[in-house]
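The block underneath contains the structure these notes are about, expressed in structure tokens.
The values are calculated or read from the model by the stated rules, or taken from the named source; none is laboratory data. Every value quoted in this text rests on a predicted model; they were computed, and no experiment measured them. With ideal geometry, Cβ positions are generated from the backbone for all residues, glycine too; neighbour counts draw on all protein chains shown.
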Amino acid sequence: MFSLQQTAQADALIDSIVAMVNKDVILKSELNERMLTQQQALEEQGIPVPSVDILQQKVLDSLILERLQLERAKQLGIEVPDEKITEQLEDIAKQNNMSLIALRKRLNLEIPNGFNTLRQQINQKMTIQAVREAEVLSQIQVSESEVKNLINRQALNNHQEELHLGHILIELPNSPTPQQREMALRKANAIHQRLQKGGDFRRLAVQHSNGSKALKGGSLGWLKRSEIPSFFNDAIEGLNTGEFSQVIQSPSGFHIVTLMDKKETGSPSHTLSYHLHRFILPSDQAMQQKEPKELSKLVASVHSIEAFNALKTHFPEIPKEVNQQSNLGWRVLNELPDALQPKVKNLQPNQALEPLPTPQGWMVLFLEAVKKTPLDAEKLQQQAMQEVRMRKANEMFERWLQRLKDEAFIQVKLN
């Protein structure tokens, strides 16, 4: 970290070009700033940080792909409306129990011009997502038989499963020679042998994977089984958490996949809704302090909506407007912040979560009831069509990125 900071300071005086991407350039100062951010992100996730040379190359690769996708957005005339970006910022503020104005003040206090920086990051992320939808998702054709087959398969299961997969890709160029194919296969087999000897999957992904998620330790996030690329299906069948597949071949290269985690998400024919209530005990220090014993004791005794509402009477000094909108109504899990979803899912009706620290203070969530809402035939069909499209998009995505690179002028000027 110290050496990277020194490099960043030097770059403030003398900047240089480290890569040319068509008519755009990537500056060394930008590369080193992103390297610092990436190093911190890896450390926070507990992923071993590779050597500076490897990190530099991986981060530069990601910046090049970023530039290519943003350039493609310009060519397609894609622009994210300001109101869409504001909606995302409002969602972030809401998840942190803050107003948009309070979020702006807090970010600008923590980082100079922090709010505008976040706005730019959201704009860039949404632009890249829109390009992927236009270039990959919109090009996918889904037949009626594919949709019917998926619905029929799901009807045989009482529950749906999501898998958290890790991924290592050793990429092949378009129209690879036999020698290139052999070299890539050798590299994939060597990585597989290191995994068999106890190698850390996430570390090896950061060091060696050419996949778009390499800098996240190869994490593909949570996927429904129906969204997983078809060429992974046989290889991951029967894997236990922590186990990894054999080497898998596809048009984009050679893959190794690991099962990081899995969870059940209910029946695909209906959705679960949760009737939630929220209580806030204001505190500016909640993020740094232990939960108040008095509040924890009260929450442990809450087993009805009446008892939950009575929390207000125990803290009469709280301004009424703080808990005026305590009834959150019916929510499905994906409307809640990621960290809250498993907690709410494990709650029983008439049960409260232990106090959670937030920037606004200590928050208590209470679950009044759970209900199942059956999906009608039209919604089932739309859901199945979307899952088939996502599976095909996941199969095509790395190949599309490779094509963007093949069609571009890229000149790397690193020493």
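Take the residues in the range 101-133 that are hydrophobic (A, V, I, L, M, F, W, C) and surrounded by fewer than 15 Cβ atoms within 10 Å (Cβ to Cβ), then tell me which one is nearest to the chain's Cα centre (by Cα). First the steps, then the outcome.
So the first thing to find is which residues in the range 101-133 are hydrophobic (A, V, I, L, M, F, W, C), and the list is 101-103, 107, 109, 111, 115, 118, 122, 126, 128, 130-131.
Restricting the remaining residues to those that are surrounded by fewer than 15 Cβ atoms within 10 Å (Cβ to Cβ) gives 101-102, 109, 111.
Working: ILE101: 26, ALA102: 25, LEU109: 26, ILE111: 23 Å.
Here the answer is ILE111.
I'd like to check something: does the range 139-153 contain any residue that is free of Cβ contacts under 8 Å to residues at least 60 places away in the same chain, hydrophobic (A, V, I, L, M, F, W, C) and within 30 Å of GLU83 (Cα to Cα)?
No, because not a single residue in the range 139-153 is free of Cβ contacts under 8 Å to residues at least 60 places away in the same chain, hydrophobic (A, V, I, L, M, F, W, C) and within 30 Å of GLU83 (Cα to Cα).
Just one of HIS164, HIS159 is in contact (Cβ under 8 Å) with a residue 40 or more places away in the chain, closer than 27 Å to SER245 by Cα and part of a loop (DSSP other than H, G, I, E, B); which is it? Break it down stepwise before answering.
Details: HIS164 fails: part of a loop (DSSP other than H, G, I, E, B).
Exactly one of HIS164, HIS159 is in contact (Cβ under 8 Å) with a residue 40 or more places away in the chain, closer than 27 Å to SER245 by Cα and part of a loop (DSSP other than H, G, I, E, B), namely HIS159.
From the residues in the range 210-229 that are farther than 18 Å from GLU171 by Cα and outside any loop (DSSP other than H, G, I, E, B), which one is nearest to the chain's Cα centre (by Cα)? Write out each step before concluding.
Restricting attention to the range 210-229, the residues satisfying the condition of being farther than 18 Å from GLU171 by Cα are 221-228.
Keeping just the survivors that are outside any loop (DSSP other than H, G, I, E, B) gives 221-227.
On the way: GLY221: 6, TRP222: 8, LEU223: 11, LYS224: 14, ARG225: 17, SER226: 18, GLU227: 15 Å.
Among those that are farther than 18 Å from GLU171 by Cα and outside any loop (DSSP other than H, G, I, E, B), it is GLY221.
Out of ASN334, ASN350, ASN327, ASN346, which single residue is touching a helix residue (DSSP H, G or I) at 6+ places or on another chain (Cβ under 9 Å), assigned by TED's automatic domain parsing to the domain that holds LYS297, free of Cβ contacts under 8 Å to residues at least 60 places away in the same chain and exposed (fewer than 15 other Cβ atoms within 10 Å of the Cβ)? I'd like the intermediate steps shown before the answer.
Values: ASN350 fails: exposed (fewer than 15 other Cβ atoms within 10 Å of the Cβ); ASN327 fails: touching a helix residue (DSSP H, G or I) at 6+ places or on another chain (Cβ under 9 Å); ASN346 fails: touching a helix residue (DSSP H, G or I) at 6+ places or on another chain (Cβ under 9 Å).
That would be ASN334, the only listed residue that is touching a helix residue (DSSP H, G or I) at 6+ places or on another chain (Cβ under 9 Å), assigned by TED's automatic domain parsing to the domain that holds LYS297, free of Cβ contacts under 8 Å to residues at least 60 places away in the same chain and exposed (fewer than 15 other Cβ atoms within 10 Å of the Cβ).
Taking the range 193-232 as the region of interest, how many residues are among the aliphatic types (A, V, I, L, M) and surrounded by fewer than 20 Cβ atoms within 10 Å (Cβ to Cβ)? Lay out the reasoning, then the answer.
Just the residues of the range 193-232 that are among the aliphatic types (A, V, I, L, M), to begin with: 195, 204-206, 214-215, 220, 223, 228.
Those still in the list that are surrounded by fewer than 20 Cβ atoms within 10 Å (Cβ to Cβ) too: 195, 223.
Within the range 193-232, residues that are among the aliphatic types (A, V, I, L, M) and surrounded by fewer than 20 Cβ atoms within 10 Å (Cβ to Cβ) number 2.
Please specify each residue of the range 167-190 satisfying the condition of being loosely packed, with under 11 Cβ neighbours inside 10 Å and either under 29 Å from the mean Cα position of the chain (by Cα) or outside any helix (DSSP H, G or I) (or both).
Result: SER175, THR177.
Kindly indicate which of GLN207, GLN193 is among the polar types (S, T, N, Q), in contact with a Pro (Cβ under 6 Å, 6 or more places away or on another chain) and either in a helix (DSSP H, G or I) or in contact (Cβ under 8 Å) with a residue 40 or more places away in the chain (or both).
Values: GLN193 fails: in contact with a Pro (Cβ under 6 Å, 6 or more places away or on another chain).
Just a single option satisfies the conditions, and that option is GLN207.
For the range 85-119, how many residues are of a type outside the set (Val, Ile, Thr) and under 19 Å from LEU336 (Cα atoms)?
To start, the set of residues in the range 85-119 that are of a type outside the set (Val, Ile, Thr) comprises 87-91, 93-100, 102-110, 112-116, 118-119.
With under 19 Å from LEU336 (Cα atoms) added as a condition, the list becomes 87-91, 93-100, 103.
Of the residues in the range 85-119, 14 are of a type outside the set (Val, Ile, Thr) and under 19 Å from LEU336 (Cα atoms).
Would you mind finding the one in GLN75, GLN39 that is surrounded by fewer than 18 Cβ atoms within 10 Å (Cβ to Cβ), touching a residue at least 24 places away in the same chain (Cβ under 8 Å), outside the structural domain of GLN402 (by TED's automatic domain parsing) and not aliphatic (A, V, I, L, M)? Please lay out each step first, then the result.
Working: GLN75 fails: touching a residue at least 24 places away in the same chain (Cβ under 8 Å).
Selected residue: GLN39, the only one of GLN75, GLN39 that is surrounded by fewer than 18 Cβ atoms within 10 Å (Cβ to Cβ), touching a residue at least 24 places away in the same chain (Cβ under 8 Å), outside the structural domain of GLN402 (by TED's automatic domain parsing) and not aliphatic (A, V, I, L, M).
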